[in-house]
Amino acid sequence: MGRGRYTKVLMAESRFQAAEILSKDGISAEVINLRSIRPLDRDTITASVKKTNRLVTVEEGFPQHGVGAEICAIVVEECFEYLDAPVERIAGADVPMPYAANLERLAVPQVEDIVRAAKRACYRSIPIAAAA
């Protein structure tokens, strides 16, 4: 696939499902599963951004002070000039983790959230204002 048709999805249980859905829309998602966050594999992250020119981070933790924020900082410091779109950060809701399964689903990122963010990163979604 040509440049601009790649995006990246980092972390999350549903990452491969999202990549499969994106491939049906012609978006090749490079999935990186970070096995550890200390040490954080900076080389893999920056190499992937340089290849895909996009970054979508996905984590179940809180959005503030999370791994996604650290990954964004690494990209800004080391390869910002390679980005062709704003970084998309998908994280859990900033609420205490609910015990009920139906509420937990609302608190953690879902496949649909990942797909929507990846499409935004590839300029494949219709802005809300234009859809109205």
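The values are calculated or read from the model by the stated rules, or taken from the named source; none is laboratory data. In this text the structure is predicted, and so the values were computed from the model without any measurement. Glycine gets a Cβ as well: all are built from the backbone with ideal geometry, and neighbour counts include every protein chain shown. Note: areas computed on protein heavy atoms with side chains; ligands, DNA, RNA excluded. Shrake-Rupley method; radii C 1.70, N 1.55, O 1.52, S 1.80 Å.
Peptides 106-118, 51-63, 83-95, 28-40, ordered by how many other C-beta atoms sit within 10 Å of their residues on average, highest first, read 51-63, 106-118, 83-95, 28-40.
The chymotrypsin sites (Phe, Trp or Tyr not before Pro) of the stretch 31-132 that DSSP puts in a loop, and whose beta carbon has at most 11 other beta carbons within 10 Å, are Tyr99, Tyr123. With all protein chains kept in place, the per residue accessible area of the stretch 8-122 amounts to 55 square angstrom at a probe of 1.4 angstrom.
Amide H to amide H distances under 5 Å link Glu59 with Ile90, Ala91, Gly92, where only residues 5 or more positions off or on other chains count and H is placed in the peptide plane.
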